[in-house]
Amino acid sequence: MESLVDARGLSCPQPVILTKKALEEGGSVTTVVDNTAALENVSRLAKTLGYEVEVEQRGPDYHIRIEKTGTSPDRSEYYHGVILITSQYLGQGDIALGKTLMKSFFYTLTQMEDVASAIIFMNSGVALAAQGSEVLDHLLELERSGVEVLSCGTCLDFYHLKNQLMVGHVTNMYSIVEKLAKAHKVITL
């Protein structure tokens, strides 16, 4: 059985949610989206769930064909710590102090092992993963060590930073909530 999900014109996280529901019903799924953010988010969801993904562009639309591969993905990353960063400053009060503390926090993370399997940036926190960030070198080091670095696509769009993202991947609210819900521990800053 093959399902068709028409997610054109829908904003995050609707294309991902509709695709996941169709996948849960079984069979292969083709999701049609009209923007690259939805293309990336739906493709990442399918691959994370252990599906094979083929993409065909037809005019302005992307047709994402999703089929089960017969193998299950390694879900160990979901059961480790997740760090949620919601601001580019650590704490409230003096901005200069908040910047210094955030830089120190990320440096300290690079010196520790197994603190987190993922770091998620939301709201103004997405600026930390963008060009010009004072913690960019630390984030690149964490990513090289296997930490997944994710930034909210809606937030990047709001702050006009999507083209300046320097580390990690763009994600969506569905994936963010899923990672937070399945984590053994969540640290929120």
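Run through the DSSP bridge list for the stretch 1-73 and note the antiparallel percent, rounded to the nearest 5.
Numbers: 13 of 18 bridges.
Counting only bridges with both partners in the stretch 1-73, antiparallel ones make up about 70 percent.
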Pop a pseudo-label 7 angstrom from the Cα along the beta-carbon direction at both LEU4 and GLN92 and give the gap in nm to one decimal. 5.1
Size of the stretch 78-189 along its principal axes in angstrom, Cα-based, largest extent first? 34, 31, 27
Restricting the count to DSSP beta bridges whose residues both fall in the chain, what percent are antiparallel, rounded to a multiple of 5? 40
Under a Cβ-Cβ limit of 4.7 Å, which cysteines in the chain have nobody to pair with? CYS12
Residue separation times 0.36 nm, minus the C-alpha to C-alpha distance between LEU140 and LYS68: what's the value? 22.7 nm
Could you run the Debye sum over the Cα atoms of the stretch 2-68, one equal point scatterer each and no solvent, and tell me log10 of I(q)/I(0) at q = 0.13, 0.16, 0.25 Å⁻¹, two decimals? -0.26, -0.41, -1.06
Answer label, with Cα Rg over 2.2 N^0.38 Å calculated from the coordinates and candidates (i) 0.94; (ii) 1.09; (iii) 1.20: (ii)
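Coordinate-derived values only; no laboratory data. In this text the structure is predicted, and so the values were computed from the model without any measurement. FYI the Cβ positions are ideal-geometry reconstructions off the backbone, even for glycines, and counts take in every protein chain you see.
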